[in-house]
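Data first, discussion second: the structure below is written as structure tokens.
The values are calculated or read from the model by the stated rules, or taken from the named source; none is laboratory data. These numbers were taken from a predicted model, which means no experiment stands behind them. Every residue, glycine among them, receives a Cβ derived from its backbone with ideal geometry; neighbour counts consider all protein chains shown.
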Amino acid sequence: EKGGYDSFMEKEINDQPQAVGDTLLGRSDVDGRLTLDELRVSPEELRNVNKIMVLACGTSAYAGQVAKYAIEHWCRLPVEVELSHEFRYRDPIVDSNTLVVAISQSGETMDTLMAVRYAKEQGAKILAICNTNGSTIPREADAVLYTHAGPEIAVASTKAFLAQITAAYLLGLYLAQIRGNKFQGEIKDILADLAKVPGKIQQVLDNSGQIRELAQLMKDTGSVLFLGRHVGFPVAMEGALKLKELAYIHAEGFAAGELKHGPIALIEEGQPVFVVVPSPRGRDSLHAKVVSNIQEIRARGAKTIVIAEEGDDAVKAYAEHIFYVPETPTLLAPLLTTVPLQIFACELATAKGFDVDQPRNLAKSVTVE
Ligand code: F6R
């Protein structure tokens with residue numbers, strides 16, 4: 001049932017082209033018009049939405065943070081992302097024009113379920129992005145968009161994360177479509193780019209030998225930092241989480257721009273730092289800013305491990321190790337850049353002799369608050 005792999009986690013990492021492909025499947029017609037029939041909420045109701053509040057925990061919350069960049073850009077709607085367990089205990093501002101998007105692989109996470117119930121009481125509409133058919137959160141929601149990643153057995157989430165980003169992007173494009181924020185042609189172009197993602201994930205998987213070797217070499221490392229900017233920021237957080245969970249190594253993710261506001265003090269000779277570099281083809285100066293962050297940490301002795309887009313030669317000079325992912329529009333990059341970080345954590349934990357499917361102290365679905 002592990003499909004020839006040593007662990008479910010490895011299998012699930014390798015299932016990701018299909019997880020993303022299946023989540024896209026059957027959700028648009030030949031003209032690129034999205035048809036989210038299963039959604040159970042009317043276009044009229046969605047047109048009245050003036051704010052989106054994403055509620056989730058852990059990896060699912062990082063998927064929400066990635067989606068925030070895309071949905072705000074495409075729909076010009078404010079998107080807040082909040083950890084479910086924090087949301088309920090402040091005095092959150094939600095009403096009948098708020099669309100709450102609850103993201104949960106299991107659909108049973110108690111913190112998220114309680115947050116959903118609370119938001120519902122305040123009159124918010126609830127849309128669940130979920131990987132488990134008929135689970136509690138989608139049953140209590142007004143609307144549901146299933147991720148079609150297939151069952152995720154390993155405790156640490158991998159393929160569900162990429163499927164959640166994909167589903168949240170479909171939702172964003174659907175909202176843009178019915179609210180008239182984007183021309184149909186642009187939506188069609190983005191869908192065409194998304195359709196190419198599964199093949200590109202496969203390329204990343206096929207070229208993972210180098211990252212595996214590095215993981216083996218680094219198995220005695222005591223601490224690893226992860227930096228990213230824009231959509232690369234939640235990717236960095238996710239990379240750090242995977243390493244903590246699986247390899248029990250102290251790991252932290254930071255927004256690259258935040259370095260000089262404190263975390264750079266951590267950099268000393270030999271400190272490994274992963275940097276998720278944005279595409280050099282992006283319109284703004286993000287790429288240059290991240291390259292200068294790499295120079296800063298490198299000058300202080302960091303061992304820089306860079307995830308960059310194919311053809312990005314500018315970063316080479318500052319990278320001790322560099323892993324390339326195929327070209328893709330900036331907003332879609334997390335679907336590629338996350339993969340080497342998952343492989344790194346899985347490989348390193350395996351090299352340490354840990355059970356990557358059942359990390360200590362963790363449960364697959366957290367049904368207590
Ligand atoms: C991390 C991980 C957890 C879950 C979190 C939410 O690898 O698996 O952080 O993402 O417990 O679970 P769901 O998505 O089932 O609500």
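Structural remarks
- Failed criterion for residue 251 (all others in (1) in contact with a helix residue (DSSP H, G or I) (Cβ under 8 Å, 6 or more places away or on another chain); (2) more than 21 Å from residue 211 (Cα to Cα) hold): (2)
Residue-by-condition table, conditions (1) among the small types (Gly, Ala, Ser); (2) surrounded by fewer than 22 Cβ atoms within 10 Å (Cβ to Cβ); (3) modelled with pLDDT of 95 or more:
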residue: 295; (1), (2), (3): no, yes, yes
residue: 303; (1), (2), (3): no, yes, yes
residue: 313; (1), (2), (3): no, yes, no
residue: 323; (1), (2), (3): no, no, yes
residue: 329; (1), (2), (3): no, yes, yes
residue: 337; (1), (2), (3): no, no, yes
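- Residue match in the range 110-120 (condition: modelled with pLDDT of 95 or more, away from the ligand (no atom under 15 Å from the Cβ) and not hydrophobic (A, V, I, L, M, F, W, C)): yes
- Taken over the range 17-49, the criterion of being in contact with a Phe, Trp or Tyr (Cβ under 7 Å, 6 or more places away or on another chain) and either assigned to a loop (DSSP other than H, G, I, E, B) or modelled with pLDDT of 90 or more (or both) is satisfied by 36 alone.
- Residues being surrounded by fewer than 21 Cβ atoms within 10 Å (Cβ to Cβ) and over 14 Å from the mean Cα position of the chain (by Cα) - total across the range 57-96: 18
- Within the range 291-301, if we keep just the residues that are part of a helix (DSSP H, G or I) and out of contact with any helix residue (DSSP H, G or I) (no Cβ under 8 Å at 6 or more places or on another chain), the residue that is nearest to residue 253 (Cα to Cα) turns out to be 292.
- Scan of the range 326-339 for residues that are touching an Asp or Glu at 6+ places or on another chain (Cβ under 8 Å) and either more than 14 Å from the ligand (Cβ to nearest atom) or at positive phi (or both), ordered by number: 326, 327, 328, 329, 332, 333
- Selection status of residue 367, within 14 Å of the ligand (Cβ to nearest atom) and farther than 23 Å from residue 19 by Cβ: yes
- Filtered residues of the range 18-35 (kept if among the aliphatic types (A, V, I, L, M), more than 20 Å from residue 161 (Cα to Cα) and buried (at least 18 other Cβ atoms within 10 Å of the Cβ)): 34
- Sole residue being within 16 Å of the ligand (Cβ to nearest atom) and buried (at least 19 other Cβ atoms within 10 Å of the Cβ), chosen from 358, 342: 342
- Selection status of residue 344, within 30 Å of residue 104 (Cβ to Cβ), at pLDDT 95 or above and not in a strand (DSSP E or B): yes
- The residues listed here are 273, 277; of these, the one that is free of Cβ contacts under 8 Å to residues at least 60 places away in the same chain, closer than 23 Å to residue 159 by Cα and more than 16 Å from the ligand (Cβ to nearest atom) is 277.
- For the range 258-272, the count of residues that are under 21 Å from the mean Cα position of the chain (by Cα), at pLDDT 95 or above, closer than 27 Å to residue 360 by Cβ and surrounded by 14 or more Cβ atoms within 10 Å (Cβ to Cβ) is zero.
- Condition check for residue 319: within 20 Å of residue 63 (Cβ to Cβ), surrounded by fewer than 21 Cβ atoms within 10 Å (Cβ to Cβ) and either of a type in the set (Gly, Ala, Ser) or in contact with a Cys (Cβ under 7 Å, 6 or more places away or on another chain) (or both): no
- Given (1) free of Cβ contacts under 8 Å to residues at least 12 places away in the same chain; (2) within 15 Å of the ligand (Cβ to nearest atom); (3) among the small types (Gly, Ala, Ser), index of the condition residue 56 fails: (1)
- In the range 218-236 there is no residue that is within 20 Å of residue 358 (Cβ to Cβ), modelled with pLDDT of 95 or more and surrounded by 24 or more Cβ atoms within 10 Å (Cβ to Cβ).
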